[in-house]
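S.K.: Questions regarding the structure given below will be posed in turn.
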Amino acid sequence: MKPDTRCRYESLPKRNFRNAIIRLLEQQYKLLGSHKILQMIADDVIELQREYYPEVDRHGLGYIVWRTTGATFKKPSYGTKVEDYEVKTVILPLITESDIKMQIENFYGKVKKRQQDRDIEVMSRLIKSAYEQGGLLSGAELSVLLNRSLTTIGRYIHKYHQTHKDILPTKGIILDQGSKPTHKAGIIDLYEQGYPEVDIARLTNHTIASVGRYLKNYKNIKLLLEKGFNLIEMVRISGLGRSTIIQYRDLVYLYHPGLNREGQAAKVNQKSDGNFSRPTGSLRSHQYKITQETVVKKN
């Protein structure tokens, strides 16, 4: 009789989750055939489990697992359902040690920071963290995470873009959803300063293709204004929506005020009436004054 040379310990690591899936497919689902196919299915299930239920212990307290829209950089077609979006699981730093330290300092009066400023700081941290992990947070998600209304979140985002040089990579901005012209204004401003499309895409967290699309629309509207077309005619010619054309038109007027014939006529009328006052442009608050340390301009 031959001695048993098998190592009895070899069976221990085989009693794992992967082999349990394979056994389930064979015995319960009756998926018989290539064992390699069953192994591949088991590996995919394990990968999904890691994606949806990641380990958060290594991040410490204050982190939250959140499933959001994946940053596909592709604008969804009209009528796309939410469940058809690519899903990405991210681990967000909802509360950090600096947040707790700030609360302690506020309690003792060492540092006084407005609630709005604290919320904006946390909001920007969540948005950027999700984006770095391949996710895009929406206004509704930020509303839930921060326990603030959608109106308040919109005001926070607007305030951030007024006081910072970068653009927050939210779902609405990256996928070009919503009617706010913030990201358009930032892209156009960099273009008018002479930055190449590659640098504009990097500084605004957009793809080169999306930057090219914005600039193409901007140039087309500028050309139509130079030729004297009115709003209704530009809608018919360009195929863009009325509100979108107005956004681009206002940007053209901002950087090329000579094309604003209606505005010039209004100035003449106001001056003749003795009530002339300089118009102010709200889009100026969205401009980006990027320093040479941030990016090297195109020669």
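S.K.: Quick query: amide H of LEU137 versus all other amide H atoms, modeled in the peptide plane; which residues come in under 5 Å with a sequence gap of 5 or more or a different chain?
M.R.: Here the answer is LYS171, since their amide H atoms fall under 5 Å of that of LEU137.
S.K.: Still on this structure, please answer the following. Order these peptides, 108-115, 203-210, by their mean beta-carbon neighbour count within 10 angstrom, highest first.
M.R.: Ranked by mean Cβ neighbours within 10 Å, highest first: 203-210, 108-115.
S.K.: Filter the cross-link list LYS159/LYS184; LYS128/LYS159; LYS128/LYS165; LYS88/LYS171; LYS110/LYS159 down to pairs whose alpha-carbon distance in this structure exceeds 22 Å.
M.R.: LYS110/LYS159
S.K.: Hey, another quick one. Just want the ordering: PHE107, PHE229, from fewest to most Cβ atoms lying within 10 Å of their own Cβ.
M.R.: Going from least to most buried by this count: PHE107, PHE229.
S.K.: How would segment 14-53 be classified by its alpha-carbon gyration tensor: rounded, prolate or oblate, with rounded meaning a/c under 1.5 and the a/b versus b/c comparison settling the rest?
M.R.: prolate
S.K.: Where Lys and Arg each count +1 and Asp and Glu each count -1, what net charge lies around ALA130 among other residues with Cβ under 11 Å from its Cβ?
M.R.: Here the charged neighbours net out to +3.
S.K.: Right, something else. Give me TYR248, TYR160 ranked fewest to most by other Cβ atoms within 10 Å of their Cβ, as a rough exposure proxy.
M.R.: TYR160, TYR248
S.K.: Sort MET40, MET102, MET123 so the one with the fewest other Cβ atoms within 10 Å of its own Cβ comes first.
M.R.: MET40, MET102, MET123
S.K.: Report the percentage of all Cα-Cα pairs in segment 60-174 whose separation exceeds 20 Å, rounded to a whole percent.
M.R.: 46
Bear in mind that the values in this text are calculations on the coordinates, not laboratory data. This is a predicted model, so every value here is computed, not measured. So basically every Cβ, Gly included, is an ideal-geometry build from the backbone, and we count neighbours across all protein chains shown.
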